[in-house]
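Taking it in order: structure first as structure tokens, then the write-up.
The values are calculated or read from the model by the stated rules, or taken from the named source; none is laboratory data. All of these numbers come straight from a predicted model, not from anything done at the bench. Virtual Cβ from ideal backbone geometry, glycine too; neighbours counted across all protein chains shown. These accessible areas exclude ligands, DNA and RNA; they are computed on the full protein's heavy atoms, side chains included. Shrake-Rupley method; radii C 1.70, N 1.55, O 1.52, S 1.80 Å.
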Amino acid sequence: MKFQDIVIGGGASGIATAIFLARKGRRVAVLEAQDRALKKVLASGNGRCNLSNVGVCADRYNAPDFVKSALDAFDGRLAEFFASVGLELRREDGRIYPYSFCAGNVVNALLDAANKEGAELICGAGVTHIEKQERGFVVATKDAVYSGENVVFSTGSNATSGIDSLDLLAPLGHKRTAKSAAISYIPCGSVKGASGVRARAALTLYDGESKVFCRQGELLFKDKALSGILAFEASSVYSRLLRKGIKCVGSIDFAPDKSTGEVEAFFASSDGDCVQALCAYLHRALAVAVAKRAGATGKAGDNAALLARTLKNFSLEFDGACDIKNAQVAVGGLELAGFNPVTTESVKIKGLYATGEALDVDGECGGYNLHWAWASAYAAARAIAGEGNV
């Protein structure tokens, strides 16, 4: 079967690319290995679908120099794009969602738009081979062979329900880095007995003596894991260090808006025992954990300095990697040196493009990864269509 453009992968960036290309009158096929497209979009934002963020900028990604051009080209086009597929957007705490807060509506709108524009979606079509020919490409699945002038590689990652297909580009000279979990819990057994407890705190990660992450937010304590938004935000940094074989440690400041002196003064004036005094700042389960870590018993006033130091600097030891199937996205992917950051076209093979999570690009938690899917899709489609508006 012949097409002008073959998009491999029916995730967010793949379907968006197909819509942009089809709107230019191009004949497009999307080959999706699974039984339906946009599975990960359906699960995003706990089903509410966090599409983007008002804070989108290059510095929110691991490779700011690479993503900047695509982000700039797509700037101001998000609402226009989703309005064109029949969706209104809304903001909540800086995050951008469909007005309905319903991921299913996003999936249906994108698939309806792709169909309306004439893009052909073929599910259950796992690609087994890509061959560059003198004029275009041949793409084989176990059931069929397709040919096209251009190939857009939008396969995503094996996070959650995804499939890792990056090795398909190895015969074409493209190297990859290993995929590992991001936007996920961080395995950690340092806090025991507080599963299900949430706390507003500051989390710091260290690469040896160097501080590599420090931010305030909400932590959710689980058995043998740190979760919650703050852990999700830290997980990409943690995962990249772990993949390099670098031991990462951390600490929690349970009272980031108080100085150590202020906290110590409070404990010194307390008539209660250590756990009772700590409950002024913490859920009781966490208070017990902090007192135990401090080795403090008896009256808080007799342990004021020790309690203050531990409350403000609760050290953490991490326990390896999260299972990538429990992660929302992945770090790693196709090496960026092999692609033009303006067009996302391969610098090795003319007519070959890559978008979204297939590239070694990951953004922070909060809609940044889906925004990269839309922006990189726009960049690739714009280049294929000859730099015109799409």
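For beta carbons closer than 9 Å, sequence separation of 6+ or different chains, a first residue in the range 189-210 that is closer than 17 Å to ASP319 by Cα and part of a strand (DSSP E or B) and a second that is of a type in the set (Asp, Glu) and open to solvent by 10 Å² or more (accessible area, probe 1.4 Å), the qualifying pairs are LEU203/GLU233; LEU203/ASP253; THR204/ASP253.
Taking the range 21-36 as the range and being more than 12 Å from ASN115 (Cα to Cα), surrounded by fewer than 24 Cβ atoms within 10 Å (Cβ to Cβ), touching a residue at least 60 places away in the same chain (Cβ under 8 Å) and not charged (D, E, K, R) as the test, the residues that pass are ALA33, GLN34. If you go through the range 343-371 and keep only what is assigned to a loop (DSSP other than H, G, I, E, B), buried (at least 24 other Cβ atoms within 10 Å of the Cβ) and of a type in the set (Gly, Ala, Ser), you end up with GLY366, GLY367. The numbered conditions (1) over 14 Å from the mean Cα position of the chain (by Cα); (2) under 20 Å from GLU32 (Cα atoms); (3) open to solvent by less than 40 Å² (accessible area, probe 1.4 Å) are all true for ASN158 except (1). Going through (1) free of Cβ contacts under 8 Å to residues at least 40 places away in the same chain; (2) open to solvent by 60 Å² or more (accessible area, probe 1.4 Å); (3) not hydrophobic (A, V, I, L, M, F, W, C); (4) not in a loop (DSSP other than H, G, I, E, B) one by one, GLU387 falls short only on (4). Being open to solvent by 50 Å² or more (accessible area, probe 1.4 Å), touching a residue at least 12 places away in the same chain (Cβ under 8 Å) and of a type outside the set (Lys, Arg) narrows it down to one residue among ASN105, ASN53; which is it? It is ASN105. Would a scan of the range 36-58 turn up a residue that is closer than 24 Å to GLU335 by Cα and touching a Lys or Arg at 6+ places or on another chain (Cβ under 7 Å)? There is at least one residue in the range 36-58 that is closer than 24 Å to GLU335 by Cα and touching a Lys or Arg at 6+ places or on another chain (Cβ under 7 Å). Taking the stated definitions as given, is SER184 among the small types (Gly, Ala, Ser), assigned to a helix (DSSP H, G or I) and buried (at least 17 other Cβ atoms within 10 Å of the Cβ)? The answer is no for SER184.
Can you find, within the range 188-203, the residue that is farthest from VAL288 (Cα to Cα) among those that are surrounded by fewer than 19 Cβ atoms within 10 Å (Cβ to Cβ) and of a type outside the set (Gly, Ala, Ser)? That would be ARG200.
Please tell me if ALA43 is of a type in the set (A, V, I, L, M, F, W, C), surrounded by fewer than 18 Cβ atoms within 10 Å (Cβ to Cβ) and either in a helix (DSSP H, G or I) or at negative phi (or both). When the stated conditions are applied, ALA43 passes them.
Meeting the requirement of 3 or more residues that are open to solvent by 40 Å² or more (accessible area, probe 1.4 Å) and free of Cβ contacts under 8 Å to residues at least 60 places away in the same chain, the helices (runs of 4 or more DSSP H) wholly within the range 218-323 are 260-268, 284-294.
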